[in-house]
Structures are given as C-alpha cells and as structure tokens.
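**Q** Before I ask anything, here is the structure I am working with.
The values are calculated or read from the model by the stated rules, or taken from the named source; none is laboratory data. Predicted, not measured: the structure shown is a model, and the values here were computed from it. Here the Cβ positions follow ideal geometry from the backbone for every residue, glycine too, while neighbour counts run over all protein chains shown.
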Amino acid sequence: MKAAVGRTPTSAVPVAAWGAVISMALCVAVLIASEFMPVSLLSPIAAELGVSEGRAGQAISISGIFAVVTSILVAGLTRRLDRRLVLASFSLILVISGTIVTFAPNYLVLMIGRALLGIAIGGFWSMSTSIVMRLVPENSVPKGLAMLNAGNAIAATIAAPLGSLLGSYIGWRGAFFAVVPLALLALVWQWISLPSLPPRCNEGSPNVFRLLLRPPVAIGMVSIMLLFIGQFALFTYLRPFLETVTSVSIPTLSLLLLLMGLAGVAGTTIVSHSLQKRLFVILAAIPLIMAIIALGLIAFGSSSTITAILLIGWGLFSTAAPVGWGTWLSRTMPDDTEAGGGLQVATIQLAITLGASIGGVLFDGSGWWTTFLFAAVLLVGSFIFAIAAWRFTRR
C-alpha cells in the first residue's frame, strides 16, 4: 500500500510537497492582491468607464458575493475530480480574470472579470486547508497554513499602495495586468509541483450546511463570523481614522500599513509553532487582544506613537487568526475538510462584507469611535464563543 502524499514511513517531508505549498502561497498572494487592488484605483476606473466611484466600488463587493457562492458549492461540484486539476483550474480562472479586467471595454465586462475573480477566491480558499493536509504531515499542517497566510498578509498590505503606485505610472489597466504574470507563474508552479490528488472516498456529504448540526462546528463558525465582522469593521476604516484623528502624513500611513503587514507575517510564524498544544488558548486570546487594541485606539488614537504600537499589535494577532481557525478545521472535521473549508470561507467572506458595510454606516452616522467600539464588542463575542467551542470539543 502506497504512503499518503506528503507522508513517508519516517515522516520526512518530500521537497515537492513543500514546493507545492509555496506555489499555493504565491497564488494566495495574487488572489488577495487582485481582490483589494481596486481600493486605490476607483477614481481612474470610474473616470475611464464613465461610472460613479460608488458603482466602481461594486467591483470589490461582486467578487465577495461570488466567493461566498462558490465556496458553498465547490465541494459538491468537484467531488469526483482530481484536486490537482481543480486547484489549477481556479488558478487559470485567476489569470483569465486579470486579463479580462485589464482589457475591459466597459463596466459590464469589468464586472464579469471581477466575478470570475470571486470564483477563483472562493474555490481556491475552500480547497486550501484540505490540500495542505494531504501535502504535509499532520504536525506540519499549522506551518503549511501559516505559509498560505503569510502570502495573504503581504498581499493585503501592499495591494492598495502598490496599485496606487503602478496606476500613477502605467495606468489602472497596467496595474491590474501586472499581477497576471505572477498568476501564470503560480499556475505553472502548481502544475509542476502538485502531485495527483484523487478525491477521497471518505469525504462526507458536500452539503456544507449539514455541518452546522454539530454543536462544536456551529459555535466555532459563530466565533469566526464575529471575529471577521469585528476585524473588518475596524480595519476597513483605518485610513480615515489615521488621517483625521491621528493626523499622520501619507508616507507615515504607508509605513504603518507596511509594519502591520510585516507584523502579520511574524504573527503567523509565531502562532504556527504553538497551535499543536495551545490551539483553543490562541483562538480565544486573539479576539480578546484585538478587542483591547480597539479600545486602546479609542482612548489613545490622537497619539501617533501609541497608535503605531497598537496597530503593529493588531497586525501581529489579526493575521494569525486564520491559521488558528484553519488548524481547528483540520482537527474538528478531518473527514469533512473540503465541505468545512467551503463553510468557513463562506462565513469569512460574508463577515468581511457585513463588517465593512455596518462599520461604514456607523462611521458616517455616529463617528469613527462607534465603529471601533462595535468592533471591540463583536471581538469579545468571538472570544466567548471560542471558549464555548473548546468546552464542547472536550465533551
């Protein structure tokens, strides 16, 4: 009987398996960079295509909507296909999406390209945990997930400023096209490094919602939902907060965002080494610390020094959260990781949309501090439900 991919009798990790994980991390970086690139390019996009900036901003929300739908359906639609082929297909869709957006002659074609990006995001992320579990030994899964989230952290940090920089030199179309060669590289690298990953016969039903009938899963998903609503209610409006309350310059703002991203990379590395023995301690501690940071920003937001320290702490812990919950998924649903991954991605994408939307309403209607307080309350709720998930798991 052949050994499982990524596992040998001596538990050594084949070089090819880690190469595949790195290729996935590159693809994640391109996905996230593509998702958030429009943030700094709305004005030129709107001007050239003849639409309002509000309509141009829907290029971000439509990718989120299609990511939610795809993450719910992907396990069922692809259950008979080799996972290597499935992952490569989503990478190919990413390449096609970037090309369509680059050459979009009008708003409708632009939105089609962004919808395809949502499909790639939802499908790729849904499969990522289950595929990493098959590429590396069990005790290396947190490390593999940390590598994926390191790509996430770097891309989320540089997407907006890089888009703005490239847009000023080569236009918004050139900025979008700049990620296409990287997407092609990720696609080719995956095809070379990923082994054949036939569908597993022990995978459960592709219906993701049946998983919510399990109390630990349902409680864990509530904790994830509250965590990401709180996180993005605050994070989405950091720039206006820093410009109006902390009164930082644009170069300082860019430096703070960069430091947050670097802290996030460090956080994923640190947390990945502690998840084997302290999983639920970390899952509970992260939102609680983030809530304290949110309250600290309310109290000391006018101090640039204290704000910088708090935001570096925010980056350190917030970026590590997906690594922890990905590890939780691999332990709680070892035979349902594809359906579980779909449910988790749908929950996160929906939470990001809700957080940004509700946070914006509060920001405009009642002031920035209500948005930050709202985030703190939800993060405390995530902390409470993480503890509840731990207690149910122990039963």
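**Q** For segment 108-147: of the residues being hydroxyl-bearing (Ser, Thr, Tyr) and closer than 27 Å to residue 262 by Cβ, which is farthest from the chain's Cα centre (by Cα)?
**A** This residue is 140.
**Q** Report yes if some residue within segment 331-347 is in contact with a Pro (Cβ under 6 Å, 6 or more places away or on another chain) and farther than 19 Å from residue 286 by Cβ; otherwise report no.
**A** yes
**Q** Another question, then. Find the residue count for segment 75-88, including only residues that are touching a helix residue (DSSP H, G or I) at 6+ places or on another chain (Cβ under 8 Å) and at pLDDT 85 or above.
**A** 5
**Q** While we're looking at this one, here's another question. Does at least one position in segment 95-108 carry a residue that is without any contact (Cβ under 8 Å) to a residue 12 or more places away in the chain and either of a type in the set (Gly, Ala, Ser) or farther than 23 Å from residue 329 by Cβ (or both)?
**A** Scanning segment 95-108, I find at least one residue that is without any contact (Cβ under 8 Å) to a residue 12 or more places away in the chain and either of a type in the set (Gly, Ala, Ser) or farther than 23 Å from residue 329 by Cβ (or both), so the answer is yes.
**Q** Same structure, new question: Among the listed residues 114, 83, identify the single one that is closer than 20 Å to residue 58 by Cβ and charged (D, E, K, R).
**A** On the way: 83 fails: closer than 20 Å to residue 58 by Cβ.
Every option except 114 fails the conditions.
**Q** So, one more: Spot the failing condition for residue 164; the list is (1) at pLDDT below 85; (2) of a type outside the set (D, E, K, R); (3) buried (at least 21 other Cβ atoms within 10 Å of the Cβ), and only one is missed.
**A** (3)
**Q** Shifting gears a bit: Would you mention how many residues in segment 177-191 are within 19 Å of residue 162 (Cα to Cα) and crowded, with 22+ Cβ neighbours inside 10 Å?
**A** Of the residues in segment 177-191, 2 are within 19 Å of residue 162 (Cα to Cα) and crowded, with 22+ Cβ neighbours inside 10 Å.
**Q** Return yes or no: is residue 265 under 16 Å from the mean Cα position of the chain (by Cα), of a type outside the set (Gly, Ala, Ser) and at pLDDT below 80? Spell out the reasoning first.
**A** Numbers: under 16 Å from the mean Cα position of the chain (by Cα): yes; of a type outside the set (Gly, Ala, Ser): yes; at pLDDT below 80: yes.
Yes: the conditions hold for residue 265.
**Q** In segment 59-82, how many are over 19 Å from the mean Cα position of the chain (by Cα) and surrounded by fewer than 21 Cβ atoms within 10 Å (Cβ to Cβ)?
**A** Total meeting the criteria: 6.
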